[in-house]
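Novice: Sharing a structure with you now.
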Amino acid sequence: MIMTTSQLAPDVVQLLQEAACLNTTGDVYTTPSGPPEICGGPTEKAILSWALTSLLVNFNELKQKYQILHVEVFNSQKKRSGVLVTKNSTGKVHTHWKGAAEMILAMCSTYYVKSGKIAPIDHEERKELDLKIEYMASKSLRCIAFAYKESNAENQALEETELTLLGLVGLKDPCRPGVKGAVESCRAAGVSIKMITGDNVFTAKSIAFECGILQPGEDLNIAVIEGPAFRNYSQEERMEIVEKIRVMARSSPFDKLLMVECLKQKGHVVAVTGDGTNDAPALKAADIGLSMGIQGTEVAKESSDIVILDDNFTTVVTVLKWGRCVYNNIQKFIQFQLTVNVAALVINFVAAASSGEVPLTAVQLLWVNLIMDTLGALALATERPSCDLMNKKPVGRTKPLITGVMWRNLLAQALYQVTVLLILQFKGSAIFHVNKKVKDTLIFNTFVLCQVFNEFNARNLEKKNIFRGILKNRLFVGIVGVTIVLQVIMVEFLKKFADTERLNWTQWAACIGISSLSWPIGWIIKCIPVSKNDDFDH
């Protein structure tokens, strides 16, 4: 039920104004034109906004009327903050507490009714208040309670018992647009999302269902746990249930750190998001720490590996997608480069062992490595992430960088290149009716063009359609074009430098035709299944 200040006794309104504006780490700045600017954490800003709009308080005037004697900052264990104040005009001393509703309610023995009278909290009344808190929490509201007590002027400590409950407020922290979709994307990518919060279990479950972290029909007795229960388990019990937990409510920073350590001991790669100073231990302990750029504290940012500038969980999906893209591009380049090196090594070794001559000179090998290491790496490294990356399972912590799929691809291409070039080495002069120097140029030119065509195969390690999306990567197309132009210049115009001879159109066509066979060979090879180990990290 929504109440206005006109429905409440003036004394109650005054105490609520004190509770909201004095027991806070936020601040309000008035501007000559426009609404006042509220600063502080999300919870503080929400409560101060409520005080300004619903309690009609003048923040700065109220603060001038009181003197703060003692402050107890918010404690993640006790889930509350307190302040001891005295009114300058009367000298009365008030203790104000604010925090998690069930924690504050446990400290109270009386409560204010709207008429301003104080009534005792008996067993039935406490049960009714517990139901109200539970109901608010089930609606995804963070339930905050205010309590007060008039204190002895000589006592500088905050009273913690026999308090009077002033009221309950529910704070709505709605999921940002796209969060549910981001959670679903993470699930599809094999990433398990766990929500660790200080809210009570009812609020935590409601938000988790809203975000898609919890699914209908899931066993909540296993998927949802409270921090103290998790903390009090033995190490063996924690290790047994940690993977099944989806939501941890009423948790402390130690509980978050404990879960990170348990997951790492199980062999998982763990990423943690956080914005507060208390999150720093978990951010440091995680494999990847992600802090919030707007609401995050400096301590959290320094403890993290990545700062999310827009404080949006959907950005985590972007981080995941780009991380997988970089890893995938590294694999592409390794496969491509190993093919070049294996083929060049085998060709020169076999030729040298059999005839005492090498078909590829030192300058030519240097040229191949120069254009393939630089231009080839740039071409493959500029591939942008695709949606297919989010449909793959995560790569395990101990999985090899060079996979069975990569070995299959590179050995097939290297075998083809070695076979063709050795045929040209021993039979090329007879086949093309050319002298030795032209034959060596044919070998060099065919070898380079094989790498150019194989660069297309390396764009996708598993998919057969190697041309999909190629026009979107103009840099790749441009680099391939530059590589071909440089090769033509090398063969046709730098004869002395490269030790080559000019080739006629027939010979160029033969080199291109032999090299282009890399494409159908790559397509056929990708039809061969490779066994995969499904032991992945989440």
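The values are calculated or read from the model by the stated rules, or taken from the named source; none is laboratory data. Predicted model, so just to flag it, every value in this text is computed and none were measured. Reconstructed Cβ throughout: ideal geometry from the backbone, glycine too, with neighbour counts over all protein chains shown. SASA here: full protein model, heavy atoms, side chains in, ligands and nucleic acids out. Shrake-Rupley method; radii C 1.70, N 1.55, O 1.52, S 1.80 Å.
Novice: Please report, for the Cα atoms of region 414-499, the Rg to one decimal and the Dmax as a whole number; what are they, in angstrom?
Specialist: Calculated on Cα positions, Rg and Dmax stand at 15.5, 44 Å.
Novice: Per the Cauchy relation, a quarter of the hull surface: what is the mean projected area of the convex hull of the alpha carbons in region 359-469, in nm²?
Specialist: Working: hull surface 35.6 nm².
Approximately 8.9 nm², given one-decimal rounding.
Novice: To continue, here is another question. What percent does the relative contact order of the chain come to when contacts are Cα pairs within less than 8 Å and at least six residues apart?
Specialist: Once normalised by length, the contact order is 10 percent.
Novice: So, in nm, how far is label THR161 from label PHE497 when the simple model puts each one 7 Å beyond its Cα toward the Cβ?
Specialist: Between THR161 and PHE497, the simple spin-label model gives 9.1 nm.
Novice: Grab the Cα-Cα distance for THR277 and SER33, subtract it from 0.36 nm times how many residues apart they are, and report the gain in nm with one decimal. Display every interim value, and only then the final one.
Specialist: Details: separation 244, 0.36 × 244 = 87.84 nm, distance 3.49 nm.
Working it through step by step, the gained length comes to 84.4 nm.
Novice: If you don't mind, there's one more thing I want to ask. By per-residue mean of other Cβ atoms within 10 Å, what is the highest-first order of 219-231, 246-258, 465-477, 18-30? Can you show the working numbers first?
Specialist: Working: 219-231: 15.9, 246-258: 22.2, 465-477: 13.2, 18-30: 20.2.
So the order, starting with the most tightly packed, is 246-258, 18-30, 219-231, 465-477.
Novice: Need one word for region 117-175: rounded, prolate or oblate. Basis is the Cα gyration tensor (sqrt eigenvalues a ≥ b ≥ c); a/c below 1.5 gives rounded, then a/b vs b/c decides.
Specialist: Working: a/c = 3.41, a/b = 1.64, b/c = 2.08.
Since a/c reaches 1.5 but b/c is at least a/b, the shape of region 117-175 is classed as oblate.
Novice: Another question, then. Going by average Cβ neighbours within 10 Å, how do the peptides 310-318, 390-398 rank, with the highest at the top? Write down the numbers at each step before the final one.
Specialist: Numbers: 310-318: 17.6, 390-398: 14.2.
In decreasing order of mean packing, 310-318, 390-398 become 310-318, 390-398.
Novice: Can I ask one more? With r as the distance between the Cβ atoms of GLN265 and ASN341 and R0 = 56 Å, compute the FRET efficiency 1/(1 + (r/R0)^6) and round to 0.05. Show your work: numbers first, answer last.
Specialist: Working: r = 39 Å, r/R0 = 0.70.
Efficiency at R0 = 56 Å is approximately 0.90.
Novice: Moving on. Rounded to the nearest 20 debye, what is the charge dipole size of the chain about its Cα centre when +1 sits on each Lys and Arg Cβ and -1 on each Asp and Glu Cβ?
Specialist: Working: 57 positive and 53 negative charges, 470 e Å.
Using Cβ point charges on Lys, Arg, Asp and Glu, the chain gives about 2260 debye.
Novice: For region 114-165, which GluC sites (Glu not before Pro) are in a loop by DSSP, counting at most 11 other Cβ atoms within 10 Å? Intermediate results must be reported in sequence, preceding the final value.
Specialist: Values: sites: GLU124, GLU125, GLU128, GLU134, GLU150, GLU154, GLU159, GLU160, GLU162; in loops: GLU154, GLU159, GLU160, GLU162.
The qualifying sites are GLU154, GLU162.
Novice: Let me ask something else about it. How large is the helix-only mean residue ellipticity at 222 nm for the chain, computed as the sum of -39500 (n - 2.57) over DSSP H runs with n ≥ 4, divided by its residue count, in deg cm²/dmol to the nearest 500? Intermediate results must be reported in sequence, preceding the final value.
Specialist: Working: 22 runs with 266 residues, N = 538.
So the helix-based figure for the chain works out to -15500 deg cm²/dmol.
Novice: Then there is this: May I ask what percent, to the nearest 5, of DSSP beta bridges between residues of the chain are antiparallel?
Specialist: Numbers: 36 of 51 bridges.
For the chain, the DSSP antiparallel bridge percentage is about 70.
Novice: Just to be sure I understand the curve: with the Debye formula and one point per C-alpha of region 383-444, what is log10 I(q)/I(0) at q = 0.22, 0.24 Å⁻¹?
Specialist: Log-scaled intensity ratios, in q order: -0.93, -1.01.
Novice: What is the distance, in nm, between label points placed 7 Å from the Cα along the Cα-to-Cβ direction at ALA106 and at ARG397?
Specialist: 3.5 nm
Novice: A further question follows. Calculate one ³J(HN,Hα) per residue across region 140-149 by plugging θ = phi - 60° into the Karplus curve 6.51 cos²θ - 1.76 cosθ + 1.60, and present them in order as whole Hz with x for glycine and proline.
Specialist: 6, 9, 7, 8, 10, 10, 10, 9, 8, 7
Novice: Can you list residues from other chains, or at least 5 along the same chain, whose modelled amide H is less than 5 Å from the amide H of ILE196?
Specialist: Under 5 Å from the amide H of ILE196 lie the amide H atoms of MET248, each far enough along the sequence or on another chain.
Novice: Just the number please: accessible area per residue for the chain, 1.4 Å probe, all protein chains included, in Å².
Specialist: Working: 27000 Å² over 538 residues.
On a per-residue basis, 50 Å².
Novice: Quick check on my link table: of LYS132/LYS321; LYS266/LYS332; LYS439/LYS472, which ones sit more than 32 Å apart, alpha carbon to alpha carbon?
Specialist: Values: LYS132/LYS321 43 Å; LYS266/LYS332 30 Å; LYS439/LYS472 38 Å.
Cα-Cα > 32 Å for LYS132/LYS321; LYS439/LYS472; rest within.
Novice: What is the diffusion coefficient of the chain in µm²/s, taking the Kirkwood radius over Cα pairs and the Stokes-Einstein relation at 10 °C with a viscosity of 1.306 mPa s? Spell out each step's value before the answer.
Specialist: Numbers: Rh = 28.7 Å.
The diffusion coefficient I find is 55 µm²/s.
Novice: Tell me which residues come under 5 Å, amide H to amide H, from LEU214 once H is placed; ignore anything under 5 positions away on its chain.
Specialist: Under 5 Å from the amide H of LEU214: PHE209.
Novice: On to the next question. Check which residues have an amide H placed less than 5 Å from LEU69's amide H, if you skip close sequence neighbours.
Specialist: LEU84, VAL85, THR86
Novice: Right, something else. Taking LYS436 as the anchor, which lysines have their alpha carbon closer than 26 Å to its alpha carbon, excluding any fewer than eight residues away along the same chain?
Specialist: Within the straight-line cut-off, LYS436 pairs with LYS427, LYS495, LYS496.
Novice: Here's a follow-up. Leaving out same-chain residues fewer than 8 places away, which aspartates and glutamates sit with a Cα under 13 Å from that of LYS78?
Specialist: Cα-Cα hits under 13 Å: GLU102, GLU160, ASP199.
Novice: Of all the accessible heavy-atom surface of the chain, with the other protein chains kept in place and a 1.4 Å probe, what percent is carbon and sulfur?
Specialist: Values: 16030 of 27000 Å².
Of the solvent-accessible surface of the chain, carbon and sulfur hold 59 percent.
Novice: Simple spin-label model, 7 Å along Cα-to-Cβ: CYS325 to GLU128 in nm?
Specialist: 5.9 nm
Novice: Now a separate question. Can you give me the three principal axis dimensions of region 179-316 from its C-alpha atoms, in Å, biggest first?
Specialist: Computed over region 179-316, the largest-to-smallest principal extents equal 36, 32, 28 Å.
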